[in-house]
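What follows is a set of notes on a single structure, which appears directly below.
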Amino acid sequence: MNAHLRELALGTVLPAFEGTTAPAWLLDRLREGLGGVVLFGRNIVSREQVAALVRQILDARPTAVVAIDEEGGDVTRIHHDEGSPYPGNRVLCENDDLAATRAVGRGIGLELRELGVNYNLAPIGDYVTDPLSPLTTRSYGRTPELNAEHAAAWIEGLQSAGVAACLKHYPGLGGSLLDSHLSLGRVTAGRAAFESEHLRTFTRAAEAGVASMMTAHVVVECLDPGAPTTLSPAVIDGLLRERIGYDGVVISDALEMHGVLNHASSLPAAAVGALRAGVDALCLGADQFEEATRAVVEAIVAAAESGELSVERLEEANRRVRAMARAYPGVPGSADTAADTAAERAAGLRAAWGATVVEGDVSLGGGRVHVLTFDDRTSIAAGPVPWGIGPELRAAGVEFADHVLTPPIEHLPDLPELAASDIVIAVVRDLPRHPGSAAVFERLRAPRLVVVDMGYPGTPYPRATGVIRTFGASRASAAAAVRALTVAKETPVG
């Protein structure tokens with residue numbers, strides 16, 4: 001195999017791996033020129049452990065990019081065992097304080113920087129308006145203008161901490177209701193509407209100097225009806241590079257996802273097609289390790305040798321990835337001292353409280369408290385991260401009976417006969433996306449029913465005596481919900 005081409009091919013690849021220490025195969029590939037790695041929750045046990053892991057990676061290749069999905073809100077890797085202390089995007093947009101949004105981005109960046117992680121695959125830039133979207137509260141939402149401005153502010157905050165941002169999913173996945181992990185979706189909006197509503201955020205981020213953008217495994221019919229963006233030269237080279245003028249790194253979404261594999265014949269073929277379309281870095285996916293890395297590198301080299309993929313395109317991709325790594329070097333800090341993010345976390349808590357909407361009577365009163373958590377998973381991307389209000393209620397000294405309903409949710413728990421002063425708190429999120437849970441919820445009856453909705457806004461609850469809407473399920477949003485239950489909100493809405 002041509003050694004130079006192999007090194008160029010390796011420089012575009014970011015695989016995942018198993019375990020909490022770097023396996024030998026990964027360290028070998030890093031020494032040979034692997035572009036970097038992507039960390040997942042399974043690679044993380046503690047701050048000290050992940051700092052040591054990142055040090056292993058950077059010792060093998062000091063210019064590697066160490067990537068992670070740390071959006072805050074519902075999607076977290078470094079806080080996967082307890083939930084993120086930072087509110088998610090919809091919360092920040094509902095609060096509508098760009099300084100707070102910038103502070104949250106910076107706080108997350110400081111935590112990652114302390115660990116040596118130099119590349120955050122966040123934030124979401126998709127403009128979502130439909131409660132059936134799998135992105136729901138991961139989107140800033142509300143209006144296209146606010147979506148764009150808050151995304152830019154979050155990026156500025158993150159990158160000010162020395163961590164490269166990645167706005168996803170270019171050119172905008174919010175118009176599709178299909179999950180790209182499972183299928184190839186299509187966005188059917190007309191060109192003018194698409195540019196005004198969806199593309200706006202990516203154009204604004206390019207102006208703000210975002211280090212990278214991640215492609216969407218979706219067909220945008222008004223841009224290229226024949227291919228998903230990840231495989232479309234027209235949408236990457238033609239629109240993003242030439243018209244918008246963006247010269248940062250373009251990274252693929254995970255190539256194991258059916259949104260691209262439903263179009264390409266295999267993962268190696270998808271990798272070659274993505275590079276040809278203008279992608280610079282290849283995210284292989286959560287479950288693609290040594291064998292996938294070898295197969296992808298061999299396919300890239302073969303394509304370059306045959307002329308299917310130009311050497312100049314590979315060199316350009318390497319130039320961009322290396323430039324980002326130089327601009328945002330990974331330098332693990334001391335495992336003995338955590339980054340001081342007290343001010344940024346406080347800003348996030350204030351934003352979560354500022355975004356929380358209270359409708360009707362949500363006071364606990366003096367009766368017994370029953371908490372029913374409809375524990376539906378929000379998305380494949382978020383994974384099994386704890387959520388709900390239980391830990392915060394206990395911290396507030398509230399005694400309650402805890403009932404957690406896990407999928408498949410088919411029956412309500414047996415509750416004792418309820419007195420007029422008793423309260424049932426139903427904790428839900430994105431019920432319209434979970435018909436089984438919605439049907440069970442409809443059978444819930446209580447003299448006093450309070451709904452804590454931690455998902456997409458707008459679901460009506462006509463039988464509830466009170467509703468708390470938090471627009472997200474992070475620990476910050478849980479704290480805001482408990483505050484609303486225990487301390488009257490200054491300006492109730494209802």
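Could you tell me which residue of the stretch 439-479 is farthest from the chain's Cα centre (by Cα), considering only residues that are assigned to a helix (DSSP H, G or I) and farther than 21 Å from A382 by Cα? Working first, answer last.
Going residue by residue through the stretch 439-479, those that are assigned to a helix (DSSP H, G or I) are 439-442, 475-479.
Adding the requirement that they be farther than 21 Å from A382 by Cα leaves 439-442.
Numbers: A439: 28, V440: 29, F441: 28, E442: 30 Å.
Result: E442.
Could you go through the stretch 140-152 and let me know if any residue there is within 27 Å of Q49 (Cβ to Cβ), open to solvent by less than 10 Å² (accessible area, probe 1.4 Å), assigned to a helix (DSSP H, G or I) and at pLDDT 95 or above.
To start, the set of residues in the stretch 140-152 that are within 27 Å of Q49 (Cβ to Cβ) comprises none.
Within the stretch 140-152, not a single residue is within 27 Å of Q49 (Cβ to Cβ), open to solvent by less than 10 Å² (accessible area, probe 1.4 Å), assigned to a helix (DSSP H, G or I) and at pLDDT 95 or above.
Across the stretch 13-45, which residue is farthest from A325 (Cα to Cα) among those that are in a loop (DSSP other than H, G, I, E, B), open to solvent by 40 Å² or more (accessible area, probe 1.4 Å) and without any contact (Cβ under 8 Å) to a residue 40 or more places away in the chain?
Of the stretch 13-45, the ones in a loop (DSSP other than H, G, I, E, B) are 15-23, 33-35, 40, 44-45.
Applying the additional criterion that residues be open to solvent by 40 Å² or more (accessible area, probe 1.4 Å) yields 18, 20-21, 45.
Now drop any that are not without any contact (Cβ under 8 Å) to a residue 40 or more places away in the chain, which leaves 20-21, 45.
On the way: T20: 23, T21: 22, V45: 25 Å.
Step by step, filter the stretch 13-45, then rank; the result is V45.
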*Among all residue pairs at least 6 apart or on different chains, which show Cβ distances below 9 Å where the first residue, located in the stretch 430-455, is open to solvent by 60 Å² or more (accessible area, probe 1.4 Å) and the second is part of a helix (DSSP H, G or I)?*
R433/T136
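Tell me, yes or no, whether the stretch 410-418 has at least one residue that is in contact with a helix residue (DSSP H, G or I) (Cβ under 9 Å, 6 or more places away or on another chain) and under 27 Å from R138 (Cβ atoms).
Keep residues of the stretch 410-418 that are in contact with a helix residue (DSSP H, G or I) (Cβ under 9 Å, 6 or more places away or on another chain), which gives 410-412.
So of that shortlist, the ones also under 27 Å from R138 (Cβ atoms) come out as none.
No, because not a single residue in the stretch 410-418 is in contact with a helix residue (DSSP H, G or I) (Cβ under 9 Å, 6 or more places away or on another chain) and under 27 Å from R138 (Cβ atoms).
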*If you scan the stretch 402-437, which residues turn out to be under 26 Å from T129 (Cβ atoms), out of contact with any Pro (no Cβ under 7 Å at 6 or more places or on another chain) and of a type in the set (G, A, S)?*
A426, S437
*Residues of the stretch 70-92 satisfying the condition of being over 19 Å from A481 (Cα atoms), of a type in the set (D, E) and open to solvent by 20 Å² or more (accessible area, probe 1.4 Å)*: D81
*Name, by its number, the condition in (1) open to solvent by less than 20 Å² (accessible area, probe 1.4 Å); (2) assigned to a helix (DSSP H, G or I) that does not hold for R350.*
(1)
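Looking at this structure, is T293 in contact (Cβ under 8 Å) with a residue 12 or more places away in the chain, open to solvent by less than 30 Å² (accessible area, probe 1.4 Å) and under 30 Å from L485 (Cα atoms)? Even if it seems obvious, please write down each step before you answer.
Values: in contact (Cβ under 8 Å) with a residue 12 or more places away in the chain: yes; open to solvent by less than 30 Å² (accessible area, probe 1.4 Å): yes; under 30 Å from L485 (Cα atoms): no.
Criteria not met by T293.
Regarding the stretch 380-397, can at least one residue be identified that is more than 18 Å from the chain's Cα centre (by Cα), closer than 29 Å to Y140 by Cα, among the acidic types (D, E) and outside any strand (DSSP E or B)? Walk me through it before giving the result.
Our first condition is that a residue be more than 18 Å from the chain's Cα centre (by Cα); within the stretch 380-397, this holds for 388-397.
Remaining after also requiring closer than 29 Å to Y140 by Cα: 388-393.
Filter once more, so that each one left must be among the acidic types (D, E): 392.
In the following step, the residues that additionally are outside any strand (DSSP E or B) were identified as 392.
Yes - at least one qualifying residue is present in the stretch 380-397.
The values are calculated or read from the model by the stated rules, or taken from the named source; none is laboratory data. Because the structure is a prediction, the values reported are computed rather than measured. When we count neighbours, we look across all protein chains shown, and the Cβ atoms used for this are built from the backbone with ideal geometry, even at glycine. Ligands, DNA and RNA are excluded from the accessible area calculation, which covers all protein heavy atoms including side chains. Shrake-Rupley method; radii C 1.70, N 1.55, O 1.52, S 1.80 Å.
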